[in-house]
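Comments concern the structure below.
The values are calculated or read from the model by the stated rules, or taken from the named source; none is laboratory data. Predicted model, so just to flag it, every value in this text is computed and none were measured. FYI the Cβ positions are ideal-geometry reconstructions off the backbone, even for glycines, and counts take in every protein chain you see.
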Amino acid sequence: MNQKTGAVLVLSGPSGAGKSSLINKIINDIGPTYFSISTTTRPIRAGEEDGVHYHFVSEEVFSQDIEAEMFLEYAVVHGNHYGTSLGPVKKALKEGKLVIFDIDVQGHDAVQHRLGDITTSVFITTPTLLELKSRLKNRSTDSDEVIAKRLEMAKREVQRISEYDYLIVNDALEEAAEVLVSVAKAARMKIPTLQINEFIQMWEAQG
Ligand code: 5GP
(Lines give C-alpha, C1' and ligand atoms only; values in the text may rest on other atoms or scores of the structure.)
Protein backbone atom coordinates (compact mmCIF):
# COMPACT_ATOMS: atom_id res chain seq x y z
CA MET A 1 0.00 0.00 0.00
CA ASN A 2 2.85 2.34 0.80
CA GLN A 3 4.62 1.71 -2.50
CA LYS A 4 3.41 5.07 -3.87
CA THR A 5 4.56 7.38 -1.12
CA GLY A 6 7.73 5.65 -0.02
CA ALA A 7 8.91 5.24 3.53
CA VAL A 8 11.81 6.10 5.81
CA LEU A 9 14.20 3.83 7.67
CA VAL A 10 16.40 5.59 10.24
CA LEU A 11 19.51 3.79 11.43
CA SER A 12 21.36 5.20 14.42
CA GLY A 13 24.01 3.91 16.75
CA PRO A 14 27.59 4.55 17.76
CA SER A 15 30.25 5.02 15.10
CA GLY A 16 31.96 1.66 14.84
CA ALA A 17 28.83 -0.39 15.51
CA GLY A 18 28.87 -1.54 11.90
CA LYS A 19 26.01 0.46 10.39
CA SER A 20 27.77 1.04 7.07
CA SER A 21 28.77 -2.64 6.69
CA LEU A 22 25.21 -3.69 7.45
CA ILE A 23 23.73 -1.26 4.95
CA ASN A 24 26.15 -2.39 2.23
CA LYS A 25 25.25 -5.99 2.95
CA ILE A 26 21.49 -5.59 2.65
CA ILE A 27 21.08 -2.77 0.14
CA ASN A 28 20.47 -5.10 -2.82
CA ASP A 29 18.01 -7.33 -0.95
CA ILE A 30 15.33 -4.87 0.10
CA GLY A 31 13.82 -3.45 -3.09
CA PRO A 32 14.00 0.13 -4.39
CA THR A 33 15.93 2.26 -1.92
CA TYR A 34 17.64 5.59 -1.72
CA PHE A 35 20.51 5.86 0.74
CA SER A 36 20.72 9.46 1.90
CA ILE A 37 24.23 10.86 1.52
CA SER A 38 24.70 13.43 4.25
CA THR A 39 26.70 16.62 4.06
CA THR A 40 29.41 17.06 6.68
CA THR A 41 32.18 19.41 7.74
CA ARG A 42 34.26 16.61 9.28
CA PRO A 43 37.57 15.81 7.58
CA ILE A 44 37.49 13.00 5.02
CA ARG A 45 38.89 9.66 6.28
CA ALA A 46 41.23 7.36 4.39
CA GLY A 47 39.12 5.13 2.13
CA GLU A 48 36.23 7.59 1.93
CA GLU A 49 35.11 9.30 -1.27
CA ASP A 50 33.44 12.68 -1.64
CA GLY A 51 29.89 12.26 -2.94
CA VAL A 52 29.82 8.55 -2.00
CA HIS A 53 30.19 8.42 1.78
CA TYR A 54 29.39 12.08 2.41
CA HIS A 55 29.43 15.42 0.67
CA PHE A 56 32.44 16.93 2.40
CA VAL A 57 32.14 20.72 2.68
CA SER A 58 33.61 23.66 4.60
CA GLU A 59 31.84 25.28 7.57
CA GLU A 60 31.13 28.23 5.31
CA VAL A 61 29.33 26.15 2.68
CA PHE A 62 27.43 24.28 5.40
CA SER A 63 26.21 27.59 6.88
CA GLN A 64 25.06 28.73 3.43
CA ASP A 65 23.12 25.47 3.03
CA ILE A 66 21.42 26.05 6.41
CA GLU A 67 20.49 29.59 5.32
CA ALA A 68 19.08 28.24 2.04
CA GLU A 69 16.96 25.73 4.03
CA MET A 70 18.52 22.83 2.19
CA PHE A 71 18.37 20.44 5.15
CA LEU A 72 15.63 18.16 6.40
CA GLU A 73 17.65 18.15 9.63
CA TYR A 74 21.15 18.98 10.75
CA ALA A 75 23.12 18.58 13.95
CA VAL A 76 26.53 18.91 15.53
CA VAL A 77 28.01 15.46 16.16
CA HIS A 78 31.48 15.05 17.72
CA GLY A 79 32.12 18.74 17.06
CA ASN A 80 31.36 18.62 13.32
CA HIS A 81 28.25 19.55 11.39
CA TYR A 82 26.20 16.83 9.69
CA GLY A 83 23.04 17.42 7.66
CA THR A 84 20.49 15.57 5.54
CA SER A 85 19.58 17.28 2.25
CA LEU A 86 15.86 17.61 1.74
CA GLY A 87 15.70 17.62 -2.09
CA PRO A 88 16.85 14.07 -2.90
CA VAL A 89 14.77 12.69 -0.01
CA LYS A 90 11.56 14.27 -1.33
CA LYS A 91 12.31 12.96 -4.82
CA ALA A 92 13.00 9.41 -3.60
CA LEU A 93 9.83 9.38 -1.49
CA LYS A 94 7.79 10.50 -4.52
CA GLU A 95 9.29 7.60 -6.45
CA GLY A 96 8.04 5.24 -3.74
CA LYS A 97 11.50 4.34 -2.48
CA LEU A 98 12.59 3.32 0.98
CA VAL A 99 14.83 6.19 2.12
CA ILE A 100 17.58 5.08 4.47
CA PHE A 101 19.23 7.51 6.87
CA ASP A 102 22.37 6.83 8.89
CA ILE A 103 21.96 9.68 11.36
CA ASP A 104 22.47 10.29 15.07
CA VAL A 105 19.85 10.47 17.84
CA GLN A 106 19.26 14.21 17.29
CA GLY A 107 18.64 13.59 13.59
CA HIS A 108 16.25 10.77 14.43
CA ASP A 109 14.32 13.09 16.70
CA ALA A 110 13.96 15.68 13.92
CA VAL A 111 12.93 13.08 11.32
CA GLN A 112 10.30 11.67 13.70
CA HIS A 113 8.84 15.15 14.03
CA ARG A 114 8.69 15.78 10.30
CA LEU A 115 8.08 12.32 8.82
CA GLY A 116 7.00 10.28 11.85
CA ASP A 117 4.07 8.51 10.20
CA ILE A 118 6.26 6.91 7.52
CA THR A 119 9.35 6.37 9.68
CA THR A 120 10.69 3.15 11.16
CA SER A 121 13.78 3.43 13.33
CA VAL A 122 16.50 1.03 14.35
CA PHE A 123 19.27 1.48 16.89
CA ILE A 124 22.35 -0.58 16.05
CA THR A 125 25.07 -1.24 18.57
CA THR A 126 27.89 -3.57 19.55
CA PRO A 127 27.16 -6.11 22.30
CA THR A 128 29.27 -4.11 24.79
CA LEU A 129 31.14 -0.84 25.25
CA LEU A 130 34.38 -2.82 25.38
CA GLU A 131 33.68 -4.34 21.97
CA LEU A 132 32.98 -0.87 20.56
CA LYS A 133 36.31 0.36 21.95
CA SER A 134 38.17 -2.49 20.31
CA ARG A 135 36.42 -2.00 16.93
CA LEU A 136 37.20 1.71 16.89
CA LYS A 137 40.86 1.01 17.76
CA ASN A 138 41.14 -1.68 15.06
CA ARG A 139 39.60 0.60 12.47
CA SER A 140 42.60 2.91 13.15
CA THR A 141 41.09 5.76 11.17
CA ASP A 142 40.73 8.03 14.19
CA SER A 143 43.15 9.43 16.76
CA ASP A 144 42.92 8.35 20.43
CA GLU A 145 41.35 11.68 21.22
CA VAL A 146 38.63 11.24 18.58
CA ILE A 147 38.01 7.65 19.73
CA ALA A 148 37.59 8.85 23.33
CA LYS A 149 35.04 11.44 22.14
CA ARG A 150 33.13 8.81 20.16
CA LEU A 151 32.99 6.47 23.17
CA GLU A 152 31.64 9.22 25.42
CA MET A 153 29.05 10.03 22.78
CA ALA A 154 28.14 6.33 22.46
CA LYS A 155 27.47 6.12 26.21
CA ARG A 156 25.03 9.02 25.88
CA GLU A 157 23.39 7.65 22.72
CA VAL A 158 22.57 4.23 24.20
CA GLN A 159 20.57 6.02 26.91
CA ARG A 160 18.08 6.89 24.14
CA ILE A 161 17.52 3.39 22.70
CA SER A 162 13.92 3.41 23.94
CA GLU A 163 13.10 6.15 21.39
CA TYR A 164 13.64 3.59 18.58
CA ASP A 165 11.29 0.93 17.21
CA TYR A 166 13.97 -1.80 17.08
CA LEU A 167 17.34 -2.64 18.60
CA ILE A 168 19.87 -4.69 16.65
CA VAL A 169 22.92 -5.93 18.53
CA ASN A 170 25.51 -6.36 15.82
CA ASP A 171 27.42 -9.31 17.22
CA ALA A 172 27.50 -11.46 14.08
CA LEU A 173 27.14 -9.53 10.80
CA GLU A 174 25.17 -12.26 8.97
CA GLU A 175 22.53 -12.54 11.69
CA ALA A 176 22.24 -8.79 12.17
CA ALA A 177 21.85 -8.34 8.40
CA GLU A 178 19.05 -10.91 8.30
CA VAL A 179 17.12 -9.04 11.00
CA LEU A 180 17.68 -5.71 9.27
CA VAL A 181 16.32 -7.09 5.98
CA SER A 182 13.09 -8.06 7.78
CA VAL A 183 12.80 -4.66 9.43
CA ALA A 184 13.47 -2.85 6.11
CA LYS A 185 10.80 -4.88 4.33
CA ALA A 186 8.30 -4.17 7.11
CA ALA A 187 9.24 -0.47 7.07
CA ARG A 188 7.90 -0.19 3.52
CA MET A 189 4.48 -1.32 4.73
CA LYS A 190 4.10 1.52 7.22
CA ILE A 191 0.86 3.34 6.40
CA PRO A 192 0.83 7.15 6.34
CA THR A 193 -2.17 8.63 8.16
CA LEU A 194 -3.55 10.21 4.98
CA GLN A 195 -3.48 6.92 3.13
CA ILE A 196 -5.33 5.13 5.94
CA ASN A 197 -8.24 7.54 5.58
CA GLU A 198 -8.22 7.17 1.79
CA PHE A 199 -8.10 3.40 2.12
CA ILE A 200 -11.01 3.28 4.55
CA GLN A 201 -13.12 5.52 2.29
CA MET A 202 -12.34 3.38 -0.76
CA TRP A 203 -12.95 0.16 1.22
CA GLU A 204 -16.34 1.33 2.49
CA ALA A 205 -17.38 2.79 -0.88
CA GLN A 206 -17.31 -0.67 -2.37
CA GLY A 207 -19.55 -2.21 0.29
P1 5GP B 1 30.89 9.42 11.22
O2 5GP B 1 31.71 10.67 11.39
O3 5GP B 1 31.43 8.29 12.02
O4 5GP B 1 30.69 9.06 9.78
O5 5GP B 1 29.43 9.74 11.78
C6 5GP B 1 29.28 10.25 13.06
C7 5GP B 1 27.82 10.26 13.46
O8 5GP B 1 27.11 11.22 12.69
C9 5GP B 1 27.11 8.94 13.25
O10 5GP B 1 26.38 8.66 14.44
C11 5GP B 1 26.17 9.20 12.11
O12 5GP B 1 24.99 8.44 12.23
C13 5GP B 1 25.88 10.68 12.31
N14 5GP B 1 25.42 11.33 11.08
C15 5GP B 1 25.85 11.14 9.81
N16 5GP B 1 25.17 11.90 8.96
C17 5GP B 1 24.27 12.61 9.68
C18 5GP B 1 23.25 13.57 9.34
O19 5GP B 1 23.03 13.94 8.20
N20 5GP B 1 22.52 14.06 10.38
C21 5GP B 1 22.72 13.68 11.67
N22 5GP B 1 21.93 14.21 12.61
N23 5GP B 1 23.66 12.77 12.02
C24 5GP B 1 24.43 12.25 11.04
Yes or no: the stretch 107-119 includes at least one residue that is over 22 Å from T33 (Cβ atoms) and in contact (Cβ under 8 Å) with a residue 40 or more places away in the chain.
yes
The stretch 65-85, residues that are at pLDDT below 95 and of a type in the set (A, V, I, L, M):
V77
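What number of residues within the stretch 29-56 are part of a loop (DSSP other than H, G, I, E, B), closer than 21 Å to A92 by Cβ and more than 18 Å from the chain's Cα centre (by Cα)?
The qualifying residues number 1.
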Just name the residue that is farthest from the ligand (Cβ to nearest atom) out of those in the stretch 104-114 that are in a helix (DSSP H, G or I) and touching a helix residue (DSSP H, G or I) at 6+ places or on another chain (Cβ under 9 Å).
Q112
Tell me which residues, restricted to the stretch 100-124, are over 19 Å from L194 (Cα atoms) and of a type in the set (A, V, I, L, M).
I100, I103, V105, A110, V122, I124
Members of the stretch 115-148 found to be of a type in the set (D, E, K, R) and surrounded by 15 or more Cβ atoms within 10 Å (Cβ to Cβ), listed by number
D117, E131, K133, R135, D142
Which residue pairs have Cβ atoms under 7 Å apart, sit 6 or more places apart or on different chains, and have a first residue in the stretch 141-166 that is of a type in the set (S, T, N, Q) and a second that is surrounded by fewer than 16 Cβ atoms within 10 Å (Cβ to Cβ)?
T141/R45; T141/A46
Being more than 23 Å from F101 (Cα to Cα) and in a helix (DSSP H, G or I) is the filter here, so list the residues in the stretch 115-137 that pass it.
L129, L130, E131, K133, S134, K137
Per the filter on the stretch 21-40, residues near the ligand (Cβ under 8 Å from one of its atoms) and either under 22 Å from A148 (Cα atoms) or charged (D, E, K, R) (or both) are T40
If I filter the stretch 169-207 down to residues being in contact (Cβ under 8 Å) with a residue 24 or more places away in the chain and outside any helix (DSSP H, G or I), which single residue comes out as surrounded by the most Cβ atoms within 10 Å (Cβ to Cβ)?
N170
